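The values are calculated or read from the model by the stated rules, or taken from the named source; none is laboratory data. Nothing here was measured: the structure is a model prediction, and the numbers come from that model. Counting neighbours? That spans all protein chains shown, and the Cβs are built from the backbone with ideal geometry, glycine included.
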Amino acid sequence: MAVRFSVLASGSSGNAVYLESGRTKLLIDGGLSGRELTRRLACLGVDPASLHGILVTHEHRDHILGVGVLARRFGLSVYIHPATRAAAAALLGPVSATIPFQTSSVFSVGEIEVTPFPVPHDAANPVGFTFCSNGKKLGLATDMGYAPLVVRERLKGSHTLILESNHDLTMLQEGPYAWPLKQRIMSRRGHLSNDASRSLLQDLVHRHLDSVVLAHLSDVNNQHALAYNAARDVVVRSGWPIRLVTARQDDVGALMEVRDGGGVLEPPGEMKPIP
């Protein structure tokens, strides 16, 4: 029973991830319009009506814009922390089937075991998730100003990681954003820089890690090459054959399998930098 996922969208303008295991299909966040989410799922051959639910990390618009629309249109359950549900009420609108969860309390949706864990971000009760099914583990953590011990501990042992690599610090500091917004992004309740993401990845690399997806890249304050090359250094030094990709805002990511990397050593330096 394969565990597979696709990053449908990732960035400052909208975020969503599709995950499936056996007959269970989930959407994590839905920060695009309902119509666009439906279109992107169709690119994978997935009917939104077949989803077993939508899981919400936090209430910011780029994560929940289409959640209410999709839930009402297709009769989907929304798994959401009560504090997030209250903060998201205006944007979500009426959603009849909301299923509350508590941070750090494990629950299951079909064949997938879900563990929400706290992340430091300027939202009511932001969380990351780990998903376990058929002996495979996927860890997802974005929208956090730094990576505390609880985040590192929850993500350890993941076969696939979806990690934030939001901004290049120099680009942000020298870029067009107003200073208060720059301060928010750089704060401990903001977003991870490429360097901070690289540091987190150094703690999480292990012989069974198969894939790393760098997510939530800023269109204004980052470049895919900068994020990729920062993380590439960690991957190359590890010596393990780890797939490394950057998620896109405008393109549906490939449907990737969560696999056990197996620890087959390859010569360092096989991964070429993005120019």
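Of note:
- Whichever residue in the range 228-266 is touching an Asp or Glu at 6+ places or on another chain (Cβ under 8 Å) and over 24 Å from ARG4 (Cα atoms) and, among such residues, is modelled with the lowest pLDDT: GLY239
- Enumerated helices (runs of 4 or more DSSP H) restricted to the range 156-224, each holding at least 3 residues that are in contact (Cβ under 8 Å) with a residue 12 or more places away in the chain, out of contact with any strand residue (DSSP E or B) (no Cβ under 6 Å at 6 or more places or on another chain) and crowded, with 16+ Cβ neighbours inside 10 Å: 194-204
- Verdict on VAL78 being crowded, with 16+ Cβ neighbours inside 10 Å and not small (Gly, Ala, Ser): yes
- Checklist (1) hydrophobic (A, V, I, L, M, F, W, C); (2) modelled with pLDDT of 95 or more; (3) within 25 Å of VAL119 (Cβ to Cβ) applied to VAL95, failing item: (2)
- Which listed residue, of PHE131, PHE101, PHE107, is among the aromatic types (Phe, Trp, Tyr), modelled with pLDDT of 95 or more and more than 30 Å from ILE185 (Cβ to Cβ): PHE107
- Close pairs (8 angstrom Cβ cut-off, 6 or more residues apart or separate chains): farther than 19 Å from SER96 by Cβ and at pLDDT 95 or above in the range 29-56, among the aromatic types (Phe, Trp, Tyr) and buried (at least 16 other Cβ atoms within 10 Å of the Cβ) anywhere: LEU41/TYR18; LEU44/TYR18; VAL46/TYR18
- Selected residue (criterion: surrounded by the fewest Cβ atoms within 10 Å (Cβ to Cβ)) from residues of the range 1-45 that are of a type in the set (Lys, Arg) and touching a His at 6+ places or on another chain (Cβ under 9 Å): ARG23
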